[in-house]
Amino acid sequence: MATLLYLFLFCALSLFAANSASTPEAAPHPYLGFDRNDYPGDAGMKLLRRNFTFTGYWLGNPPGEKTNTWTGKRELLRSQGFGFLVLYSGRDSGEFKKEDDAKLKGAHDAESAIAAAKAENFPPGTIIFLDIEEGGRLSERYHAYLAVWSDALSHAGYRPGVYCSGMPVKEEPGVTITSADDIRNHAATGDITFWIFNDACLPSPGCAMPQDPPAPSKSGIPYAQVWQFARSPRDKQTARHCRGYAKDGNCYAASDAAHRFHLDVNSATSPDPSGGAK
């Protein structure tokens, strides 16, 4: 009897182990979030929380802006249950005269971002995304700038990320490049998190806030952790075939019936993509 019981248990455990090994690991559930340059106001953020799990959060002035209206709002947004996409505006390639100049500016911008992150009480380990608006292949000077930026963040206890294009740019017949692939191929370390934009339909679902958002890996960049799939205003070239945008060309949340806050819409593999809500 003992021998039969032992054989039964052995077979049952073997079958369980075989089934466990053959069952594929479930993919992370995507989460929906938004970003915009201007802070929508405290009441506006409470409204937008109905549709979104996380929000963009600028550490410095957004591109083209002279002030940063997000400053000092982390604790309030954290109390409302928001996760964060922490952002810092990167330079344009034309600002770099030489490689040494690019490195100096990379160190300066990293220092400013680190100081702002500490002032906002973002904890060590928070991913800070450098906002890179240019598409296609970046210059060697830009890669030098980005390398210094990334190293400085890592030494300060933060983690580097980039917001960049995931849209292919044709370089010559039969050859295309995305900024994301170019950065990844140049990176001295694999510890860079990618937030990419690709608002072309397809793969983008257009201006949409589905309960089951598209996974960032479906953006065309399989290693992306965050995907910005709708931008305001709608790009007349890349997103011309996309649906869901308002008549004014912007994207608005379903909860924003008055169309007060135009948005960029994102999906992410985490409800707190920067890890800034800890």
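The values are calculated or read from the model by the stated rules, or taken from the named source; none is laboratory data. Worth saying up front: this structure is predicted, and the values here are computed from it rather than measured. Positions of Cβ are generated from backbone atoms using ideal geometry, with glycine treated the same way; all protein chains shown enter the neighbour counts. Heavy atoms of the whole protein, side chains included, go into the accessibility calculation; ligands, DNA and RNA do not. Shrake-Rupley method; radii C 1.70, N 1.55, O 1.52, S 1.80 Å.
Just give me the residues in region 190-207 being within 15 Å of the chain's Cα centre (by Cα) and open to solvent by 50 Å² or more (accessible area, probe 1.4 Å), in sequence order. Within region 190-207, D191 is the sole residue that qualifies. The residues of region 41-61 that are aromatic (F, W, Y) and outside any loop (DSSP other than H, G, I, E, B), listed by number, are F54, Y57, W58.
For (1) at pLDDT 95 or above; (2) within 30 Å of E75 (Cα to Cα); (3) assigned to a loop (DSSP other than H, G, I, E, B); (4) open to solvent by 30 Å² or more (accessible area, probe 1.4 Å), each residue gets a yes or a no:
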residue: A115; (1), (2), (3), (4): yes, yes, no, yes
residue: F122; (1), (2), (3), (4): yes, yes, yes, no
residue: S150; (1), (2), (3), (4): yes, yes, no, no
residue: G161; (1), (2), (3), (4): yes, yes, no, no
residue: K170; (1), (2), (3), (4): no, no, no, yes
residue: A188; (1), (2), (3), (4): no, no, yes, yes
residue: M209; (1), (2), (3), (4): no, yes, yes, yes
residue: K218; (1), (2), (3), (4): yes, no, no, yes
residue: Y223; (1), (2), (3), (4): yes, no, yes, yes
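Looking at region 62-95, which of the residues that are in a loop (DSSP other than H, G, I, E, B) and open to solvent by 70 Å² or more (accessible area, probe 1.4 Å) is farthest from F122 (Cα to Cα)? Checked region 62-95; the qualifying residue farthest from F122 (Cα to Cα) is D92.
To keep it simple, each residue is scored yes or no on (1) β-branched (V, I, T); (2) touching a residue at least 60 places away in the same chain (Cβ under 8 Å); (3) closer than 17 Å to D264 by Cβ.
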position: L32; (1), (2), (3): no, yes, yes
position: T67; (1), (2), (3): yes, no, no
position: L85; (1), (2), (3): no, yes, yes
position: K97; (1), (2), (3): no, no, no
position: D100; (1), (2), (3): no, no, no
position: L104; (1), (2), (3): no, no, no
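Inclusion of A258 among residues that are open to solvent by 60 Å² or more (accessible area, probe 1.4 Å) and either small (G, A, S) or without any contact (Cβ under 8 Å) to a residue 24 or more places away in the chain (or both) is warranted. Report whether or not P205 is within 23 Å of Y57 (Cα to Cα) and touching a residue at least 24 places away in the same chain (Cβ under 8 Å). Considered against the rule, which asks whether it is within 23 Å of Y57 (Cα to Cα) and touching a residue at least 24 places away in the same chain (Cβ under 8 Å), P205 comes out as no.
Just the residues that are under 19 Å from C164 (Cβ atoms) and touching a His at 6+ places or on another chain (Cβ under 7 Å), please, taken from region 197-240. The answer is S232, and nothing else. Residues in region 218-254 that are among the hydrophobic types (A, V, I, L, M, F, W, C) and in contact (Cβ under 8 Å) with a residue 40 or more places away in the chain: I221, A224, V226, W227, A239, C242, C251, A253, A254. Please determine whether any residue of region 124-137 is surrounded by fewer than 24 Cβ atoms within 10 Å (Cβ to Cβ), in contact (Cβ under 8 Å) with a residue 12 or more places away in the chain, more than 18 Å from the chain's Cα centre (by Cα) and assigned to a helix (DSSP H, G or I). For region 124-137, residues surrounded by fewer than 24 Cβ atoms within 10 Å (Cβ to Cβ), in contact (Cβ under 8 Å) with a residue 12 or more places away in the chain, more than 18 Å from the chain's Cα centre (by Cα) and assigned to a helix (DSSP H, G or I): absent. Only one of (1) in a helix (DSSP H, G or I); (2) under 19 Å from the mean Cα position of the chain (by Cα) is not met by D100, so which one is it? Only one criterion is unmet by D100, namely (2).
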